[in-house]
Amino acid sequence: MVVKVDNTESIPATDEVISEEMDMKKKKYLRGEGANLKDLKDKKLKGQLAVQEELFGKSAAAAAKAEKWLMPSEGGYLEGDGIEKTWRIKQDAIASEVDILSSRKQFDIVLPDFGPYTLEFTPSGRYMAAAGRKGHIAIVDMKNMSAIKELQVRETVRDVVFLHNELFFAAAQKKYPYIYNREGTELHCMKEHGAVLKLQFLRNHFLLASINKFGQLHYQDVTTGQMVANVRTGLGRTDVMQVNPFNGVVAVGHSGGTVSMWKPTSAAPLVKMLCHPGPVTALAFHPNGHLMATAGMERKIKIWDLRKFEVLQTLPGHCKSLDFSQKGLLATATGSFVQVYGDLSGSQNYSRYMTHSVAKGYQVKKVTFRPYEDVLGIGHSMGWSSILIPGSGEPNFDSWVANPFETSKQRREKEIRSLLDKLPPETIMLDPTKIGSVRPERKKEKPSKEDREAEMEAAIEEAKNIHMKKKTKGRSKPSKIAKKKQEAVEKAKKPFLEQHTNKRKPTEETQLPKSLERFVRKKAAA
């Protein structure tokens, strides 16, 4: 056996190249541009800000050094060779190329007697709740692929949503929504909500939001049981509702083509925008909260920039369900056909990325991405399915935010910490960055002499033109009418005269009582 030895020595990277790489990584973790300290005149404030900027730089440098250990995984997308199109690649071809653990995440569960199904994942992606229209509810551990609990409520189930963790979930049933624990025990029946069509849970505020068949929007605090708000939208029945993860604002799509955005402390919508000429059929928010996708009956999907409330892109196609992944992929579903659009260039220009046709023409009810996994869950009329969408999930999870491998002790500590950090309903607004900022006081400009005179003349003219009611028994004599008008003119002049009369300042000649003269400070004789 001949072994070839390469005598070429590897050239070590210079310090300049290493420093350039570190500077590029530091920019990711820096909190924007540093404060301009040159224009500050206050030395104390300048020193405090300089120390703060130095600490920010040190923390960014430490995060850049630890990046390769804390974030070992890298996200990737499907790439076609030459003229090959990624949306032509089938799930069978993907499953044959991935590892065994990933191929197990692609499956079909057929339950034809209880569909159609709606799906919901926990924020960590570890657990899934599946609810069939005909009363079947299942809680599944997606890590072990085992059913934790199955129950049959024996009535219609329209929607299901997890609460603050996987131990509790809410189901919108025929008459009222109910809250269950993981063992299937019924804990609460919320009759105030009525016949609910759609449920959403605001995790940072511990609020359960629902909209019923009469178009009423309810907010209930699940920690105290208090009904925070009961709002009539006044725009009819709808089952299209979604929470913006960025600011906690609830968006509701209506049959008139409008999308209204609500918060619990306001009886009127924060925003009411006309998105489509016909009914809105689906709605979804990007994880950054700045993009919104809507679908209408006119067979168009629109992507909106919520900072300007403008349409960025219009895609053709009818859609019954929409969902954004953690990396910004957009899944759409209509009939038995699922399409995934991707913004691979980063220019907010979505194009077709992948397609999938559900077997035997099953009708898709809901599509939702599984967090921290390249998986798309599909709930349809005959059960639910799971397909692989490369590049859809965040490859690195933060255990302080969502930990798919958390223990029961970590779950308890996280629950207590989230309760302590619970936000009040008043903090829900379109721009949450304004919370804590102080509005500068506006200095009132003093009116000029001409403006004051013009205001006084206008007030006098108005007082002169007051209509006097005619009275009997000599009370409407011209002399009495003239006297009343003169009184009205004096009354109109009075505030202007009092406002601009200078208060009389005490002079040095003012004589004080003899008992107080000894307290007067005597000036030194010249």
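The values are calculated or read from the model by the stated rules, or taken from the named source; none is laboratory data. Note that the structure is predicted; figures quoted are calculated from it, not measured. Counting neighbours? That spans all protein chains shown, and the Cβs are built from the backbone with ideal geometry, glycine included. Note: areas computed on protein heavy atoms with side chains; ligands, DNA, RNA excluded. Shrake-Rupley method; radii C 1.70, N 1.55, O 1.52, S 1.80 Å.
Quick notes on this one:
- Gain upon complete extension [LYS471, PHE519; 0.36 nm per residue less C-alpha separation]: 11.1 nm
- Rounded accessible area of VAL311 (nearest 10 Å², 1.4 Å probe): 70 Å²
- Just so you know, the Cα atoms of the chain work out to an Rg and Dmax of 34.1, 136 Å.
- Summarising the amide proton neighbourhood of GLY135: residues at separation of 5 or more, or on other chains, whose placed amide H is nearer than 5 Å comprise VAL157.
- Phi to ³J(HN,Hα) by Karplus 6.51 cos²θ - 1.76 cosθ + 1.60 over region 169-180, Hz, x for Gly, Pro: 8, 10, 10, 8, 9, 4, 9, 9, x, 10, 10, 10
- At q = 0.08 Å⁻¹ the log10 of I(q)/I(0) for region 29-184 amounts to -0.51, computed by Debye summation with a single uniform scatterer per C-alpha, solvent ignored.
- Heavy-atom accessible surface of LEU291, to the nearest 10 Å², is about 10 Å², with a 1.4 Å probe and all protein chains retained.
- Taking amide H as placed 1.01 Å from N in the peptide plane, the amide H of LYS198 sits under 5 Å from that of ILE211, each at least 5 places away or on another chain.
- The chain: DSSP helices with Cα axial extent of at least 24 Å and average Kyte-Doolittle hydropathy no lower than -0.5: 43-70
- Over region 279-379, accessible surface divided per residue gives 39 Å², non-protein components excluded, 1.4 Å probe.
- Across all Cα pairs in region 143-224, the calculated P(r) in 5 Å bins from zero up to the longest distance comes to 3, 15, 27, 26, 17, 9, 3, 1, 0 percent per bin.
- Stretch gain in nm, segment ILE89-ALA268, where the contour uses 0.36 nm per residue and the Cα spacing is subtracted: 59.7 nm
- Considering only GluC sites (Glu not before Pro) in DSSP loops that have at most 15 other Cβ atoms within 10 Å, the longest stretch of the chain without any of them is 299-440.
- When all alpha carbon pairs of region 261-310 are counted in 10 Å bins from zero, the resulting P(r) reads 24, 49, 26, 1 %.
- With all protein chains modelled, accessible area of SER392 [1.4 Å, Å²]: 0 Å²
- The stretch between SER479 and LYS191, if pulled fully straight at 0.36 nm per residue, gains 96.6 nm over its current Cα-Cα span.
- For GLU462 and PHE214, a Förster radius of 56 Å and the Cβ-Cβ distance give a FRET efficiency of 0.70, rounded to the nearest 0.05.
- A Förster radius of 56 Å combined with the Cβ-Cβ distance from GLN106 to LYS41 puts the calculated FRET efficiency at roughly 0.30.
- Cβ-based net charge around VAL338, under 14 Å, with every Lys or Arg adding one and every Asp or Glu removing one: +3
- Overall Cα dimensions of region 69-155 - principal axes, largest extent first, Å: 54, 36, 20
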